[in-house]
Amino acid sequence: MSLFSTLALAMGTAWVSGINLYAAVATLGLLGRFAHLPLPGQLAVLTHWWVIAVALALYLIEFIADKIPFIDSAWDLAHTFIRVPAGAVLAAAAFGDFDPGIQVVALLLGGGLAFSAHGTKATTRAVINTSPEPVTNMVASVAEDVVAVGSILLAAFYPLVLVILVVLGLMMSLVVLPRTVKYFRAVLGKRRGKPDKLAP
């Protein structure tokens, strides 16, 4: 796999992890195991059947929880401390065959991408949950699933398109940045025992 393809897969996987970590891991594992996609660095571990099974089971749980208003926000709250570090680790793992310094840079960039995607997802869904009808929430959740799986497929087969998508995603994150900051201030407030409204 070329350096650009490795970079696209690493950064794309980190970004998607901020949206749906389990879909990203399961899709990569399935592609590596059944489509014979060569996964770079240490990502080959994702092709183990038990890794795929656990990822699919967790994805199924998230698929259901993510369709229920306010349950999805609680799920996002808990995954604030899972998606971001996982995205960073996956990005670094993709560069497992490179110099340790490059792996550290990948870790930092991957964490930042996962954070931006997770923050955008969480704050957007918190706003959507202010609507009394459940349809919008379900449509948004399905759209996120499609983006997550589709982005991994793009990273594997059309890396340049994925890079463009990630750039557009980062631009969207900048637009919702004020609300993202408010969301994570509320998250930190809850951890310190000071409840705050999660909806912007």
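Some values worked out for this structure:
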| read-out | value |
| --- | --- |
| Pair list, Cβ under 6 Å, 6 or more apart: the range 35-61 residue under 18 Å from GLN103 (Cα atoms) and in contact (Cβ under 8 Å) with a residue 24 or more places away in the chain, other residue buried (at least 16 other Cβ atoms within 10 Å of the Cβ) and among the hydrophobic types (A, V, I, L, M, F, W, C) | PRO40/MET1; PRO40/ALA94; GLY41/ALA93; GLY41/ALA94; GLY41/PHE95; GLN42/ALA93; LEU43/ALA93; LEU43/ALA94 |
| Qualifying position, being assigned to a helix (DSSP H, G or I), loosely packed, with under 13 Cβ neighbours inside 10 Å and in contact with a helix residue (DSSP H, G or I) (Cβ under 8 Å, 6 or more places away or on another chain), among VAL104, VAL127, VAL139, VAL167 | VAL104 |
| Residue list for the range 166-200, restricted to those being touching a Gly at 6+ places or on another chain (Cβ under 8 Å), of a type in the set (A, V, I, L, M, F, W, C) and modelled with pLDDT of 80 or more | VAL166 |
| Criterion: assigned to a helix (DSSP H, G or I) and of a type in the set (D, E, K, R) - qualifying residue of GLU133, GLU144 | GLU144 |
| Extreme residue, farthest from PRO69 (Cα to Cα), among residues of the range 148-164 that are buried (at least 19 other Cβ atoms within 10 Å of the Cβ) and among the aliphatic types (A, V, I, L, M) | ALA156 |
| Search result, residues across the range 1-15 that are touching a Gly at 6+ places or on another chain (Cβ under 8 Å) and not aromatic (Phe, Trp, Tyr) | THR6, ALA10, MET11, THR13, ALA14 |
| Any hit, the range 115-122, residues being surrounded by 20 or more Cβ atoms within 10 Å (Cβ to Cβ), under 19 Å from LEU177 (Cβ atoms), under 15 Å from the mean Cα position of the chain (by Cα) and at pLDDT 95 or above | no |
| The range 62-96, subset at pLDDT 90 or above and in a loop (DSSP other than H, G, I, E, B), residue surrounded by the most Cβ atoms within 10 Å (Cβ to Cβ) | PHE95 |
| Enumeration of residues in the range 33-61 that are of a type outside the set (A, V, I, L, M, F, W, C), assigned to a helix (DSSP H, G or I) and at pLDDT 95 or above | THR47, TYR59 |
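The values are calculated or read from the model by the stated rules, or taken from the named source; none is laboratory data. Values in this document were obtained by computation on a predicted structure and should not be read as measured data. Cβ coordinates were reconstructed from backbone atoms using ideal geometry, including for glycine residues, and neighbour counts include every protein chain displayed.
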